[in-house]
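Taking it in order: structure first as structure tokens, then the write-up.
The values are calculated or read from the model by the stated rules, or taken from the named source; none is laboratory data. Since the structure is predicted, the reported quantities are computational estimates derived from the model, not experimental observations. Counting neighbours? That spans all protein chains shown, and the Cβs are built from the backbone with ideal geometry, glycine included.
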Amino acid sequence: MPKPRSRPGLRPGLRPGLRVGMVTTYPPGTGSLNEYAFHFVRAFAAKPEVAELLLFTDELPPGQEYGTDILSDELIFPQTATKRFIPCWRFNNPLNLWRILRAVQAAKPDVVIFNMQFASFGSRKIPATLGLLTPALLRLCGIPSVVLLHNIMETVDLQNAGFANNPLLERVIRFIGWMITHMILRANLVAVTIPKYVEILEARYGVKNVLLAPHGSFETKEEPPTFELPTGPMRIMTFGKFGTYKRVETLVEAFALLQNQKQTALELVIAGTDSPNAPHYLENIAKQYAKVANIRYTGYVAEKDVAQIFGEAAAVVFPYTSTTGSSGVLHQAGDYGKAVVLPMIGDLAELVTEEGYTGEFFEPNDPQSLADAIARILDEPEHRIEMGRQNYLAARGLSLDDVVDWYLLHIEVLLSKRHKKA
Amino acid sequence: MVTNSRVIDQVQVINLQGRLDAHQGKHVDSLLAEAMRTNNRTIVNLSQVHFIDSTGLSVLIKGAKHHREQKGDLVLCELQQPVRIIFELTRLDKMFAIYPTESAAIQALQ
């Protein structure tokens with residue numbers, strides 16, 4: 001019998017009853033990637049192969065509790081797996097490595113997935129670094145680990161992202177980043193969402209355990225968008241965690257310019273919170289631009305309110321000074337059929353082209369350029385609708401539900417190799 | 001997308017031609033489902049496919065998964081270089097049985 005070039009991997013299949021661990025943030029926690037985690041977990045929990053999801057989450061502030069705001073959602077998306085929340089780490093705590101290891105060892109999942117980026121575990125260098133060593137440590141302890149790495153050090157503009165204030169410090173951080181990346185790549189598998197990242201990691205680190213796994217669209221079970229806008233002011237919306245590489249100064253200044261130029265009523269909606277790495281950022285912005293009228297700061301947006309926030313927006317703006325990976329907000333804007341305004345920087349523009357999205361572009365840090373880009377959308381409803389339609393189609397291309405099948409295939413092969421070795 | 005389907009030695013062989021992307025995904029999806037109803041051993045010949053995107057990959061993954069659930073198998077053959085690169089980037093070349101020729105794939109499924 002001729003040998004296949006690649007070994008058959010689809011048999012015998014995952015045994016039912018898989019217990020998947022996930023180290024992640026999760027709503028109502030406000031840490032970065034919590035929104036992605038929500039949808040990622042939901043897709044895993046709907047798979048018949050998965051019996052239990054063990055969510056190793058960050059600890060919530062007093063008075064908050066996991067699992068309280070998702071019950072209605074579960075009625076729409078049947079979940080076959082049970083979810084168990086195990087809060088066991090805290091942002092900026094240097095003991096996270098040890099605490100997560102102990103929690104995982106006690107819970108004994110079959111595999112652990114890390115939903116993370118470089119600043120997931122802290123804004124201070126030591127806790128951030130130690131946390132990122134956890135996947136390697138788990139593997140060392142015999143626990144299969146898969147990392148979904150949303151950004152890589154090589155493509156982050158550290159100065160603009162707010163992690164390094166001078167060139168020397170940037171070089172030091174890059175060297176440390178290089179070492180940490182080596183350690184992250186000690187996990188059994190590392191998934192990234194952009195093809196270029198696979199090429200960079202393979203070439204720079206000489207590894208073969210990196211794979212491309214698309215970002216996937218968040219399924220909302222909403223009706224297809226009508227592209228109509230509610231009556232009232234035209235809303236320009238930005239969504240995310242602000243203060244590091246997502247900065248709203250240029251947007252607020254562009255909004256002020258637009259209000260001076262236009263007769264129509266406008267509202268700027270800044271939806272979201274401070275980045276954990278930039279406490280009090282939005283509070284300071286509100287003070288700094290107190291004289292600019294018609295700005296609404298929503299604070300934390302609960303999952304149930306996301307559809308309304310996006311639905312009311314005439315344009316979604318990405319006021320990024322740097323990107324740190326595939327944008328979940330772009331996929332969400334696509335899901336809701338929105339026209340988007342994007343900076344001409346790095347891999348965000350690449351993602352837009354590669355994944356079939358379209359948008360108006362502006363020069364970073366240039367309020368006039370941003371105001372002009374927004375105006376092109378506000379002034380031409382047909383252009384706005386056409387752009388929204390294309391983004392909707394792009395977002396619907398591949399659902400996170402499909403992407404999770406990819407992960408399960410990789411996990412299947414990983415576990416079958418381990419069984420063979422055992 | 002141009003397709004044709006035939007049975008050789010009790011193995012279903014599906015030839016795809018053109019782009020396997022979001023626009024063609026549903027068509028190929030139903031083709032694989034139809035193939036599985038008649039025969040749970042299927043070869044997808046990709047010799048005439050010069051482009052595949054993530055949706056195309058997902059269709060093949062789903063097809064393979066459904067075949068496996070029916071105790072069958074879905075294998076691939078004759079991948080062109082651009083398509084092979086995508087399989088390597090996604091490490092799906094480790095998940096699927098991929099054969100250099102159609103006859104090798106048929107022989108393997110006997």
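For A:Leu185, the requirement of being surrounded by 17 or more Cβ atoms within 10 Å (Cβ to Cβ) and in contact (Cβ under 8 Å) with a residue 40 or more places away in the chain is not met. Of the residues A:Val252, A:Val292, A:Val269, the single one that is part of a helix (DSSP H, G or I), more than 18 Å from the chain's Cα centre (by Cα), under 25 Å from A:Ala373 (Cβ atoms) and touching a residue at least 40 places away in the same chain (Cβ under 8 Å) is A:Val252.
Quick check: is even one residue across the stretch A:368-379 buried (at least 19 other Cβ atoms within 10 Å of the Cβ), small (Gly, Ala, Ser) and modelled with pLDDT under 95? Scanning the stretch A:368-379, I find no residue that is buried (at least 19 other Cβ atoms within 10 Å of the Cβ), small (Gly, Ala, Ser) and modelled with pLDDT under 95, so the answer is no.
Can you name the residue in the stretch B:18-31 that is assigned to a helix (DSSP H, G or I) and among the small types (Gly, Ala, Ser) and, of all such residues, is nearest to the other protein chains (Cβ to nearest Cβ)? Write out each step before concluding.
Kept after step one, since they are assigned to a helix (DSSP H, G or I), are these residues of the stretch B:18-31: B:25-31.
If we keep only those that are among the small types (Gly, Ala, Ser) too, we end up with B:25, B:30.
Details: B:Gly25: 9, B:Ser30: 16 Å.
My answer is B:Gly25.
Looking across the stretch A:110-134, the residues that are buried (at least 21 other Cβ atoms within 10 Å of the Cβ) and either outside any strand (DSSP E or B) or in the same structural domain as A:Phe242 (by TED's automatic domain parsing) (or both) come down to A:Asp110, A:Phe118, A:Ala119, A:Ser120, A:Phe121, A:Gly122, A:Ala128, A:Gly131, A:Leu132, A:Thr134. Within the bounds of the stretch B:87-95, is there any residue that is over 21 Å from B:Glu34 (Cβ atoms), of a type in the set (Lys, Arg) and either touching a helix residue (DSSP H, G or I) at 6+ places or on another chain (Cβ under 9 Å) or not in a loop (DSSP other than H, G, I, E, B) (or both)? Looking through the stretch B:87-95, at least one residue is over 21 Å from B:Glu34 (Cβ atoms), of a type in the set (Lys, Arg) and either touching a helix residue (DSSP H, G or I) at 6+ places or on another chain (Cβ under 9 Å) or not in a loop (DSSP other than H, G, I, E, B) (or both).
Tally the residues that are modelled with pLDDT of 90 or more and of a type in the set (S, T, N, Q), restricting the search to the stretch A:128-186.
Let us first name the residues in the stretch A:128-186 that are modelled with pLDDT of 90 or more, namely A:128-150, A:178-186.
Retained after the next criterion (residues that are of a type in the set (S, T, N, Q)): A:129, A:134, A:145, A:181.
Qualifying residue count for the region: 4.
Residue check: A:Val340 meets all listed conditions (1) in a helix (DSSP H, G or I); (2) surrounded by 17 or more Cβ atoms within 10 Å (Cβ to Cβ) but one, namely (1). Scanning the stretch A:188-212 for residues that are crowded, with 21+ Cβ neighbours inside 10 Å, part of a helix (DSSP H, G or I) and at pLDDT below 95 gives A:Tyr197, A:Val198. Of note, A:Glu363 satisfies the criterion of being among the acidic types (Asp, Glu), touching a residue at least 12 places away in the same chain (Cβ under 8 Å) and surrounded by fewer than 16 Cβ atoms within 10 Å (Cβ to Cβ). Here A:Phe361 clears all of (1) assigned to a helix (DSSP H, G or I); (2) away from chain B (no Cβ under 14 Å); (3) at pLDDT 90 or above except the condition numbered (1).
With in a strand (DSSP E or B) and buried (at least 20 other Cβ atoms within 10 Å of the Cβ) as the only criterion, which of B:Asn15, B:Asn45 stands out? If you could, list the steps in order and put the result at the bottom.
On the way: B:Asn15 fails: buried (at least 20 other Cβ atoms within 10 Å of the Cβ).
Sole residue among the options that is in a strand (DSSP E or B) and buried (at least 20 other Cβ atoms within 10 Å of the Cβ): B:Asn45.
Across the stretch A:408-417, the number of residues qualifying as more than 11 Å from chain B (Cβ to nearest Cβ) and either in contact with a helix residue (DSSP H, G or I) (Cβ under 9 Å, 6 or more places away or on another chain) or within 30 Å of A:Thr226 (Cα to Cα) (or both) comes to 0.
Give the number of residues within the stretch A:1-26 that are at pLDDT 85 or above and either out of contact with any helix residue (DSSP H, G or I) (no Cβ under 8 Å at 6 or more places or on another chain) or surrounded by fewer than 21 Cβ atoms within 10 Å (Cβ to Cβ) (or both). Don't jump to the end; show me each part of the working.
Here is the first cut: in the stretch A:1-26, the residues at pLDDT 85 or above are A:17-26.
Going one step further and asking which of them are either out of contact with any helix residue (DSSP H, G or I) (no Cβ under 8 Å at 6 or more places or on another chain) or surrounded by fewer than 21 Cβ atoms within 10 Å (Cβ to Cβ) (or both), we end up with A:17, A:19.
Here the count works out to 2.
Hey, does the stretch A:281-298 have a residue that's assigned by TED's automatic domain parsing to the domain that holds A:Glu380, surrounded by 13 or more Cβ atoms within 10 Å (Cβ to Cβ), at pLDDT below 95 and among the hydrophobic types (A, V, I, L, M, F, W, C)? There is no residue in the stretch A:281-298 that is assigned by TED's automatic domain parsing to the domain that holds A:Glu380, surrounded by 13 or more Cβ atoms within 10 Å (Cβ to Cβ), at pLDDT below 95 and among the hydrophobic types (A, V, I, L, M, F, W, C).
I need every pair where a residue in the stretch A:10-36 that is more than 13 Å from A:Tyr66 (Cβ to Cβ) has its Cβ under 6 Å from the Cβ of a residue that is of a type in the set (S, T, N, Q) and at pLDDT 90 or above, sequence separation at least 6 or different chains. Short answer, once both residue conditions are applied: A:Leu33/A:Thr25; A:Leu33/A:Asn115.
Kindly indicate which of B:Gln80, B:Gln107, B:Gln70 is among the polar types (S, T, N, Q), more than 9 Å from every other protein chain (Cβ to nearest Cβ) and more than 30 Å from A:Val207 (Cβ to Cβ).
Values: B:Gln80 fails: more than 30 Å from A:Val207 (Cβ to Cβ); B:Gln107 fails: more than 9 Å from every other protein chain (Cβ to nearest Cβ).
Matching residue, one of B:Gln80, B:Gln107, B:Gln70: B:Gln70.
A:Ile270 meets the conditions (1) under 28 Å from A:Glu386 (Cβ atoms); (2) at pLDDT below 95 in every case but one. The failed one is (2).
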